[in-house]
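Written below as C-alpha cells is the structure these notes are about.
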Amino acid sequence: MTRKPFYYIMLGGVLLFLFLVLFVYLPNKGKAPADDTTATNFDAAAAYEASCSSCHGQDLAGTAAAPSLIALNLTVDEVVDIITNGKTGSIGKMPAGMFSGSTAEKKQLAEWVLSHK
Ligand code: HEC
C-alpha cells in the first residue's frame, strides 16, 4: 500500500510522455520553419526609396534625371532585368546594380513598381 503514490506518479509521467509525443512532437515533425521561403521582411517601398527614388522621384513620377515609372508597359522580368543590368536609352543611362538585393527581392520590387498604374 505504501507504494501506491509512487505508482500514480509513474503512471502520470508515462501518460504525460505519450501526450507530448502524440500531440506535440509528431504533429510538428517534418514541418519547415515558419519563415522558410514565403515570408520575408522585404519592404519594397523602402527599397525603392533607398535605391531608386533619387532618380525616378519619391512618387515614381520621374525627375530630370530619369523617366516616370507609373503605368509602365513592362513585365516583372523586364523590370528585374533593368534593375540588374541598368538601361541606356534616349533619356539617359541607368547604371547596373542600383539595387543589390536577391532575385526574389528584385521581383518584389519590380511587382511593387508595376503596381503603380
Ligand atoms: C542613377 C539614376 C537612376 C537610378 C538610381 C535608377 N534609375 Fe531607373 N532609369 C534611369 C534612367 C536614366 C532611365 C532611362 C533610360 C532610358 O533612356 O531608357 C531609367 C529607366 C528605368 C526603367 C525603364 C522605364 C521605361 O519606361 O522603359 C525602369 C523600369 C527603371 N528605371 C527602374 C528603376 C528601379 C526599380 C530603380 C531602383 C532599383 C531604378 N530604376 C534606379 C535612372 C536611374
_Residue list for the range 84-117, filter: within 20 Å of N41 (Cα to Cα) and among the β-branched types (V, I, T)_ = T103, V113
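Pick from the range 54-63 the residues that are near the ligand (Cβ under 6 Å from one of its atoms) and more than 15 Å from H116 (Cα to Cα): which of them is surrounded by the most Cβ atoms within 10 Å (Cβ to Cβ)? Walk me through how you get there before you give the answer.
Taking the range 54-63 and keeping what is near the ligand (Cβ under 6 Å from one of its atoms), we get 54-56.
Those still in the list that are more than 15 Å from H116 (Cα to Cα) too: 54-55.
On the way: S54: 13, C55: 17.
Looking at residues that are near the ligand (Cβ under 6 Å from one of its atoms) and more than 15 Å from H116 (Cα to Cα), I get C55.
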*Give the range 83-109 a look and list any residue that's within 20 Å of the chain's Cα centre (by Cα) and in a helix (DSSP H, G or I), or say none.*
I83, T84, T103, A104, E105, K106, K107, Q108, L109
*Which of (1) surrounded by fewer than 11 Cβ atoms within 10 Å (Cβ to Cβ); (2) basic (K, R); (3) not in a loop (DSSP other than H, G, I, E, B) does K117 not meet, given it meets every other one?*
(3)
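Among the candidates A66, A110, A96, single out the residue that is out of contact with any Gly (no Cβ under 8 Å at 6 or more places or on another chain) and of a type in the set (G, A, S).
On the way: A66 fails: out of contact with any Gly (no Cβ under 8 Å at 6 or more places or on another chain); A96 fails: out of contact with any Gly (no Cβ under 8 Å at 6 or more places or on another chain).
Only one candidate qualifies: A110.
Every residue, every condition in (1) more than 9 Å from the ligand (Cβ to nearest atom); (2) surrounded by 11 or more Cβ atoms within 10 Å (Cβ to Cβ); (3) of a type outside the set (V, I, T); (4) at pLDDT below 95, yes or no:
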| site | (1), (2), (3), (4) |
| --- | --- |
| C52 | no, yes, yes, no |
| A65 | no, yes, yes, yes |
| A71 | yes, no, yes, no |
| E78 | no, yes, yes, no |
| A104 | yes, yes, yes, no |
_Which numbered condition C55 misses (of (1) out of contact with any helix residue (DSSP H, G or I) (no Cβ under 8 Å at 6 or more places or on another chain); (2) in a loop (DSSP other than H, G, I, E, B))_ = (2)
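The values are calculated or read from the model by the stated rules, or taken from the named source; none is laboratory data. Note that the structure is a prediction, hence the values are computed from the model and not measured. For neighbour counting, all protein chains shown are included, and Cβ atoms are generated from backbone atoms with ideal geometry for every residue, glycine included.
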